[in-house]
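Below is one structure, written out as structure tokens; the observations come after it.
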Amino acid sequence: MRRPRPTPARDGLPKTLFWDLLTFEKLMANQVIHLIYWSGLGIIALIAFGIIGSAIGVAFREDVLMGALLAVSVLVGGFLVVTILVLLWRAFCELYVALFRLSDDLHAIRQATEAEVAARPPQAPSGVRATEN
């Protein structure tokens with residue numbers, strides 16, 4: 001297993017941010033995933049507005065009763081699709097957040113294990129007996 005490189009002394013925020021961008025000791029994907037999540041919700045909201053507009057267009061284009069029935073069916077079907085999209089998008093982003101947190105947890109476990117191994121006193125090889133004087 002590869003030992004992590006010792007991190008240089010970092011004084012201020014610019015050095016820390018720059019070092020985090022250059023190395024992979026601290027992953028920045030969690031913050032990026034939040035931005036991607038909100039951007040995806042914005043796109044889904046645009047889809048919802050498009051569904052509302054198409055329902056209004058169908059209502060105006062057709063006869064009074066038939067247009068209203070078609071508009072309601074387009075709205076209900078569209079909002080079901082939008083709801084499913086929101087749930088799938090949330091699950092997709094949560095999966096990536098869970099994977100990156102798992103990576104952080106494994107990194108912490110590796111550091112704790114290495115610290116524990118370093119704190120143990122060295123042991124004699126199993127095939128060698130200590131002799132008494």
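Below is a table of values for the structure above.
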{"read-out": "The stretch 99-120 residues that are touching a residue at least 24 places away in the same chain (Cβ under 8 Å), paired with ones that are among the small types (Gly, Ala, Ser) (beta carbon under 9 Å, 6 or more apart)", "value": "Phe100/Ala29; Ser103/Ala29"}
{"read-out": "Subset of the stretch 93-106 that is exposed (fewer than 14 other Cβ atoms within 10 Å of the Cβ) and not charged (D, E, K, R) - its residue that is modelled with the highest pLDDT", "value": "Leu95"}
{"read-out": "Single residue of the stretch 76-85 satisfying the filter (of a type in the set (A, V, I, L, M) and surrounded by 15 or more Cβ atoms within 10 Å (Cβ to Cβ)) that is nearest to Ile33 (Cα to Cα)", "value": "Leu85"}
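The values are calculated or read from the model by the stated rules, or taken from the named source; none is laboratory data. If you're wondering where the values come from, they're calculated on a predicted model, not measured in any experiment. Neighbour counts are summed over all protein chains in view; Cβ atoms, including those assigned to glycine, are modelled from backbone coordinates with ideal geometry.
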